[in-house]
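Asker: My questions all concern the structure below.
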């Protein structure tokens with residue numbers, strides 16, 4: 001959450017709070033509900049539009065939660081080890097998830113289930129429709145087409 005406090009010259013105080021991570025979750029739920037309504041109405045184009053919006057908001061929410069947790073651990077837990085990404089730059093979302101998983105397993109001596117995140121290629125296709133991605137998703141072909149079909 002970001003909080004901005006503005007004190008005007010006349011002494012008036014304005015406080016603005018923005019919760020983009022929480023907003024993206026609520027937007028995800030909204031667009032999923034909208035997609036269901038469009039599907040019930042037989043509107044495939046409207047359904048797919050809503051599914052794309054829902055997915056982008058779900059991805060934004062996941063990114064916000066993981067990045068906030070990763071940043072919190074970096075600042076507040078001396079035992080937390082953050083690795084660089086494959087390109088020696090800042091960690092990707094995947095790298096941050098692995099960092100958190102490794103930390104929990106090391107510090108809590110507890111195994112976390114693996115998260116199979118094949119979201120990035122799908123997100124890239126939705127956000128950048130002109131790019132080409134080739135990836136095996138281990139999904140039912142019909143389900144994949146159902147998500148992206150714009151007829």
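Asker: Residue 6 to residue 114: extension gain in nm, 0.36 nm per residue of separation minus the Cα-Cα distance?
Answerer: This chain segment gains 34.5 nm when fully extended.
Asker: Extension gain residue 26-residue 72, at 0.36 nm per residue separation less the Cα-Cα distance, in nm?
Answerer: 14.3 nm
Asker: Given labels modelled 7 Å from the Cα in the Cβ direction, how far is it in nm from residue 106 to residue 43?
Answerer: A separation of 5.1 nm, rounded to one decimal place.
Asker: Classify the range 2-127: rounded, prolate or oblate, from the alpha-carbon gyration tensor (a ≥ b ≥ c, eigenvalue square roots; a/c under 1.5 rounded; otherwise prolate if a/b is larger than b/c)?
Answerer: oblate
Asker: Say R0 is 35 Å: what FRET efficiency, to the nearest 0.05, do residue 84 and residue 17 get from their beta-carbon distance?
Answerer: That gives a FRET efficiency of 0.60.
Where a number appears in this text, it was derived from the coordinates with a stated rule and is not lab data. Here the structure is a predicted model, which is why all the values come from computation and not from measurement. A quick note on method: Cβ atoms are made from the backbone with ideal geometry, for glycine too, and the neighbour counts reach across all protein chains shown.
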